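Working notes, beginning with the structure itself.
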Amino acid sequence: MTPAQPSAPWWQSAVVYQIYPWSFQDSNGDGIGDLPGIISRLDYLNGSADSLGVDAIWLSPIYPSPMHDFGYDVKDYCDIDPRFGTLADFDRLTLEAHRRGIRVVMDLVLNHTSNEHPWFIESRSSRTSAKRDWYYWADGKSGRRPPNNWAARFGGSAWTLDRHTGQYYLHSFLPEQPDLNWTNPAVREAVFDVVRFWLDRGVDGFRLDAINWLGKETSWPDNPRRLAWRSYYRQVHRYDRDQPHTHEALRALRASLKDRADIFLVGETSSDTPGGPAVFYGDGSNELHEVFDFRLLRSDWRPEVFRRLITDSDRAVPQGGWPPVVFSNHDQSRHIDRYGAGGDPIRRARAAALLLFTLRGTPFVYYGEEVGLRDGRLRRSDLRDPYTIRYWPWKAGRDPARTPMPWDDSPQGGFTSGTPWLPLSQDWRLTNVAREQHDPSSMLSLYKRLIRLKKHSQALTLGAYHPIDEGPKECLLFTREFREADKRQRLLIAVNFSAQPHRISVSVASLAPATTGTLILSTDPQRVEEDWNADQFHLGPDEGIVVSLQ
Ligand code: GLC
Ligand code: CA
């Protein structure tokens with residue numbers, strides 16, 4: 001008997017959609033998005049001919065939380081924050097999502113809890129409490145100084161003195177987010193129980209928050225200093241992140257899932273992790289399935305940078321691992337504004353969309369990007385996120401990228417019947433789902449076409465990536481190729497990063513044996529299917545195309 005072909009895991013051909021629960025859909029008029037709201041919008045995401053067509057949703061944290069960091073400060077890992085609903089709502093969401101072919105990925109915040117989590121309350125209650133070593137406690141230096149110079153990601157020292165017990169606790173982010181002690185096996189076990197809790201409720205995967213922070217050097221040496229403007233960057237983060245026991249913890253987590261090959265793990269790491277994000281794939285089979293690589297997301301819209309980073313990150317992923325492709329999330333300015341700076345933001349966002357769905361990897365769509373939602377132009381008094389507030393107005397911050405989803409052009413964009421927790425982005429009357437749904441030239445229609453194209457093409461989902469080092473320096477060219485037995489499917493992708501049109505020819509050597517094909521998609525809504533020839537073709541300003549090669 002011939003063994004069955006091992007088929008690719010579901011996430012390798014999936015499109016994942018990130019929902020920021022605060023901002024997707026409010027159902028009860030309190031101005032805050034919630035689970036019943038999400039359920040009411042599932043048809044938009046998948047299940048009907050008109051839907052966007054995504055295969056999974058990743059929900060930013062929905063656990064009970066005092067919301068100092070908008071849910072990334074968890075006070076109970078096994079419940080739902082009442083702002084968002086109840087566990088019964090969650091079960092209904094999972095059921096309704098699954099019915100439409102949408103999987104559910106939870107955000108798992110493992111580096112820290114809220115300071116209101118019962119574990120921390122017990123830990124801080126006395127130096128001898130049974131959970132004292134669930135968190136990191138250390139004595140200060142003489143003169144009321146913290147144990148070392150470590151800086152918190154959101155500013156200030158990473159240590160806060162707890163007056164009651166006279167010791168400092170470590171927090172890599174806000175003081176309201178004490179770091180869990182991952183060297184303690186009891187912590188690990190408690191977290192694995194949490195994982196099992198959600199698996200029993202039917203979730204399909206986890207996005208692991210700030211995963212490279214788990215491991216610290218617990219002899220607490222000072223970090224080396226360097227020059228920079230913000231306190232966090234005035235030191236090299238040599239000892240407070242990226243230590244070996246992160247890998248141990250990830251291997252243990254992966255091993256605990258050995259009977260569940262269908263469960264997806266994607267991790268978030270810093271862009272400057274030594275060795276790059278790829279270190280968290282382990283050997284490709286024993287740590288994470290996917291690891292975000294934020295270098296493209298932090299890059300400018302420049303072809304030479306994209307060319308280098310795409311090729312680098314594609315090669316860095318070991319056999320067995322799979323790259324995610326991500327341009328936007330809830331932590332930075334939306335890419336339509338970042339990539340669009342100094343150019344035509346809409347045309348560039350269309351070209352970026354073409355890359356998002358044609359590069360090798362799992363595309364992550366951040367809610368709203370599919371309609372071309374822009375960063376909100378917020379006033380100081382609108383801000384909610386402590387990090388945005390701290391660095392306002394020097395740094396754009398995170399709130400502008402977290403404004404409500406614009407569903408239609410009604411006064412609150414169809415998001416809420418009350419007052420939204422953050423104001424809608426200024427252009428919601430023009431940029432919204434209702435307006436774009438049936439307009440073939442809209443951003444939304446482009447996303448739908450790209451998603452359908454991706455799903456129907458093994459070259460785009462599973463195919464290899466081959467850069468083409470030819471053509472004008474303003475343009476990026478590559479092919480995607482899938483081979484199986486005598487089947488061979490090849491696509492050429494070309495993107496013009498400039499506002500000038502370009503005539504291009506590609507040599508036979510780069511494309512052999514095919515030199516002709518059919519242009520099947522362009523980001524220019526005016527351009528329709530046409531014959532294509534490698535000798536001579538053109539790209540309009542900021543245009544991207546997909547060609548099916550003969
Ligand atoms: C991650 C999250 C971010 C959060 C931080 C601390 O970077 O994406 O939103 O503030 O971790 O949990
Ligand atoms: Ca609500």
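The values are calculated or read from the model by the stated rules, or taken from the named source; none is laboratory data. Nothing here was measured: the structure is a model prediction, and the numbers come from that model. So basically every Cβ, Gly included, is an ideal-geometry build from the backbone, and we count neighbours across all protein chains shown. Heavy atoms of the whole protein, side chains included, go into the accessibility calculation; ligands, DNA and RNA do not. Shrake-Rupley method; radii C 1.70, N 1.55, O 1.52, S 1.80 Å.
What the table shows:
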| item | result |
| --- | --- |
| Separation in nanometres of the label points that stand 7 Å from Cα toward Cβ, at Arg251 and Asp312 | 2.8 |
| Cleavage-rule hits, trypsin sites (Lys or Arg not before Pro), segment 395-472, DSSP coil, Cβ neighbours within 10 Å at most 15 | Lys395, Arg429 |
| Cα-based helix-to-principal-axis angle, 443-455 vs the chain, degrees rounded to 10 | 80 |
| Per-pair calculated FRET efficiency, R0 = 22 Å: Asp272 and Ala341 via Cβ, rounded to 0.05 | 0.45 |
| 24 Å Cα-Cα threshold exceeded, pairs from Lys75/Lys131; Lys455/Lys487; Lys131/Lys216; Lys258/Lys455 | Lys258/Lys455 |
| Distance from segment 315-371 to segment 437-470 (C-alpha centre basis), Å | 12 |
| Linear extension gain, Val508 paired with Arg452, 0.36 nm per residue minus alpha-carbon span | 17.2 nm |
| Karplus (6.51, -1.76, 1.60) ³J(HN,Hα), θ = phi - 60°, over segment 501-514, in Hz, Gly and Pro reported as x | x, 9, 9, 10, 9, 10, 6, 4, 4, 6, 10, 2, x, 8 |
| Overall form of segment 118-170 per C-alpha gyration tensor (a/c, 1.5; a/b vs b/c) | oblate |
| Part-to-part distance (alpha-carbon centres) for segment 23-59 and segment 482-515, which is given in Å | 37 |
| In order through segment 108-116: 3J(HN,Hα) via Karplus (6.51 cos²θ - 1.76 cosθ + 1.60), integer Hz, x for Gly, Pro | 10, 9, 9, 6, 8, 10, 6, 6, 9 |
| Potential extension, Asp427-Arg99 segment - 0.36 nm per residue separation minus Cα distance | 114.7 nm |
| Amide hydrogen neighbours beyond the local backbone of Thr113, cut-off 5 Å, H modeled | Leu180 |
| Cα pair distances in the chain, grouped into 20 Å bins until the bin that holds the longest one, percent each | 21, 54, 23, 2 |
| Helical mean residue ellipticity (222 nm; -39500 (n - 2.57) per DSSP H run of 4+; nearest 500) of the chain | -6500 deg cm²/dmol |
| Accessible area expressed per residue, segment 1-103, with surrounding protein chains retained (probe 1.4 Å, Å²) | 36 |
| Apportionment of accessible area to carbon and sulfur, the chain, percent (1.4 Å) | 50 |
| FRET efficiency for Lys258 and Asp535, using Cβ-Cβ distance with R0 set to 41 Å, rounded to 0.05 | 0.20 |
| Efficiency of FRET between Asp409 and Asn286 - r from beta-carbon atoms, R0 41 angstrom, step 0.05 | 0.25 |
| Ser40 - accessible surface, heavy atoms, 1.4 Å probe, Å² rounded to 10 | 80 |
| Using alpha-carbon coordinates, inclination of helix 245-256 to the longest axis of the chain, degrees | 70 |
| Dipole in debye (nearest 20) - the chain, about Cα centre, beta carbon charges: Lys, Arg +1; Asp, Glu -1 | 1200 |
| Over segment 267-340: Rg over Rh, Cα atoms, Kirkwood Rh | 0.98 |
| Length added when fully stretched, Glu122-Asp193, from 0.36 nm per residue minus Cα-Cα | 23.7 nm |
| Alpha carbon centroid spacing (whole Å) that separates segment 201-231 from segment 65-110 | 23 |
| Sites excluded, chymotrypsin sites (Phe, Trp or Tyr not before Pro) in DSSP loops with at most 11 other C-beta within 10 Å, longest stretch of the chain | 1-228 |
